[in-house]
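Enquirer: One structure, pasted below without further comment.
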Amino acid sequence: MEQYLDAMRQDPDAAQAELERLTASAPSNDQARNLQFERARKFLRSDDVERAREVLEAIWDEESGDAVASRAVYELARIAHDVDEDFDQSYDYLRLAIVETPPWAGADFSLDYLLRHQRHPERHQWLEDELRQMADDVEDDRMAARLHLERGLLLADELRHPEPARQAFLAAYQRCPNCAATDDALFEMGQLYERFEKWDAAAMAYAVVAARVKPASFVGTYTSHRAAAARYHLGILELLHRRDYDAAADHFQRFLDDFPNHRYTDDSAWHLVRIEELREDDEAHRRALDRFVEEFPHSRHAERARLQLAKMR
């Protein structure tokens with residue numbers, strides 16, 4: 001590592017010579033391939049695109065299927081797009097990385113790159129078709145779920161009938177039930193149903209994600225990155241749309257129990273105060289206000305709570 005860092009500090013020609021020497025003497029093929037990739041990156045930083053391309057193509061041609069190959073084909077896609085302006089070749093490389101190189105990082109980089117450059121209204125149908133085809137072709141379940149998620153988001157953006165987007169989100173869940181992309185898909189399904197005022201269906205989608213909370217006291221537990229938002233949305237849905245104050249209070253209390261330090265924690269506690277006010281139970285409302293001011297003295301709702309308490313005394 002020290003020799004590598006020393007090499008990278010040198011001028012481009014000296015650095016390349018040292019990297020080539022380190023590559024030739026690398027104790028393993030994995031280390032040699034990593035050093036080859038760093039040589040290519042050094043060429044790119046020096047604007048020597050052709051030599052970078054030559055090294056990257058050599059890495060890919062070894063057909064090792066490792067993380068280095070995944071990054072190499074992604075860099076080839078970028079060169080084709082940004083330097084050659086050969087958009088068809090760029091897409092071919094991106095598709096190759098997305099379908100053939102998961103679970104390595106180059107596959108996700110390539111999908112991000114594709115979406116960034118192709119997600120325009122006039123390209124929606126083409127992109128949706130390509131995402132569907134790649135999801136069918138890829139063997140990696142996590143990547144397939146992500147492709148279905150992105151397809152669903154694309155369809156949801158069109159603000160048409162929710163069924164095609166719902167089917168895409170459902171496909172993500174079916175392909176990889178416990179993947180992070182599936183949690184995103186289920187949450188987005190809930191959002192989609194809310195937009196069409198399908199409250200029961202939205203609640204069902206949110207409930208699946210909200211339930212994905214486990215204690216983190218031992219290795220192997222899993223709390224969805226969407227669980228907090230899903231639980232909070234369940235509370236809001238019950239409070240504002242279903243007018244079921246008991247169910248709303250249960251969700252907000254669950255939120256406080258599961259996520260005591262979340263950015264929505266004081267909002268959830270404040271909704272519990274509002275629920276007591278809506279129930280028109282003055283004593284319960286006063287107790288809830290007292291508890292809120294004590295537990296969240298610096299909340300944006302605290303001053304309002306103090307004013308309400310002052311009026312009740």
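The values are calculated or read from the model by the stated rules, or taken from the named source; none is laboratory data. Just so you know, these numbers come straight off a predicted model, no measurement behind them. Reconstructed Cβ throughout: ideal geometry from the backbone, glycine too, with neighbour counts over all protein chains shown.
Enquirer: Which one of the conditions (1) out of contact with any Phe, Trp or Tyr (no Cβ under 8 Å at 6 or more places or on another chain); (2) not in a helix (DSSP H, G or I) does His262 fail to meet, given that it meets all the rest?
Expert: Tallying (1) out of contact with any Phe, Trp or Tyr (no Cβ under 8 Å at 6 or more places or on another chain); (2) not in a helix (DSSP H, G or I), His262 fails exactly one: (1).
Enquirer: Of all the residues that make up the range 88-130, how many are farther than 16 Å from Glu150 by Cα, part of a helix (DSSP H, G or I) and modelled with pLDDT of 95 or more?
Expert: Kept after step one, since they are farther than 16 Å from Glu150 by Cα, are these residues of the range 88-130: 88-93, 96-97, 100-106, 122.
Applying the additional criterion that residues be part of a helix (DSSP H, G or I) yields 88-93, 96-97, 100, 105-106, 122.
In the following step, the residues that additionally are modelled with pLDDT of 95 or more were identified as 88-93, 96-97, 100, 105-106.
Number of matching residues: 11.
Enquirer: What tally of residues in the range 80-116 results from selecting those that are surrounded by 21 or more Cβ atoms within 10 Å (Cβ to Cβ) and of a type outside the set (Phe, Trp, Tyr)?
Expert: Summing the residues that are surrounded by 21 or more Cβ atoms within 10 Å (Cβ to Cβ) and of a type outside the set (Phe, Trp, Tyr) in the range 80-116 gives 12.
Enquirer: For the range 173-210, which positions are of a type in the set (Lys, Arg) and either touching a residue at least 60 places away in the same chain (Cβ under 8 Å) or surrounded by fewer than 21 Cβ atoms within 10 Å (Cβ to Cβ) (or both)? So that I can check it myself, show each step before the final result.
Expert: Taking the range 173-210 and keeping what is of a type in the set (Lys, Arg), we get 175, 195, 198.
Across the range 173-210, the qualifying residues are Arg195, Lys198.
Enquirer: Next up: Has the range 188-208 got at least one residue that is part of a helix (DSSP H, G or I), in the same structural domain as Val138 (by TED's automatic domain parsing), hydroxyl-bearing (Ser, Thr, Tyr) and closer than 11 Å to Ala145 by Cα? Break it down into steps so the answer makes sense when it comes.
Expert: Filtering the range 188-208 down to residues part of a helix (DSSP H, G or I) leaves 188-195, 199-208.
If we keep only those that are in the same structural domain as Val138 (by TED's automatic domain parsing) as well, we get 188-195, 199-208.
After this cut, where a residue has to be hydroxyl-bearing (Ser, Thr, Tyr) as well, the list is 193, 206.
Those left that are additionally closer than 11 Å to Ala145 by Cα: none.
The answer is no, given that none of the residues of the range 188-208 is part of a helix (DSSP H, G or I), in the same structural domain as Val138 (by TED's automatic domain parsing), hydroxyl-bearing (Ser, Thr, Tyr) and closer than 11 Å to Ala145 by Cα.
Enquirer: Select from the range 60-87 the residues that are in a helix (DSSP H, G or I) and either free of Cβ contacts under 8 Å to residues at least 12 places away in the same chain or not hydrophobic (A, V, I, L, M, F, W, C) (or both) and list them in ascending order.
Expert: If we filter the range 60-87 for residues that are in a helix (DSSP H, G or I), which is where we start, we get 60-61, 67-83, 87.
Those that are in a helix (DSSP H, G or I) and either free of Cβ contacts under 8 Å to residues at least 12 places away in the same chain or not hydrophobic (A, V, I, L, M, F, W, C) (or both): Asp61, Ser70, Arg71, Tyr74, Glu75, Arg78, His81, Asp82, Phe87.
Enquirer: So if I check each of Arg95, Arg78, which one is within 25 Å of the chain's Cα centre (by Cα) and over 22 Å from Lys42 (Cα atoms)? Full working, then the answer.
Expert: On the way: Arg78 fails: over 22 Å from Lys42 (Cα atoms).
Selected residue: Arg95, the only one of Arg95, Arg78 that is within 25 Å of the chain's Cα centre (by Cα) and over 22 Å from Lys42 (Cα atoms).
Enquirer: May I pose another question? How many of the residues making up the range 160-180 are closer than 17 Å to Leu127 by Cβ and either outside any loop (DSSP other than H, G, I, E, B) or among the aliphatic types (A, V, I, L, M) (or both)? Spell out the reasoning first.
Expert: We begin by selecting, within the range 160-180, every residue closer than 17 Å to Leu127 by Cβ; these are 160, 164-165, 167-169, 171-172.
Right, trim to either outside any loop (DSSP other than H, G, I, E, B) or among the aliphatic types (A, V, I, L, M) (or both) and you get 164-165, 167-169, 171-172.
Looking only at that region, the number is 7.
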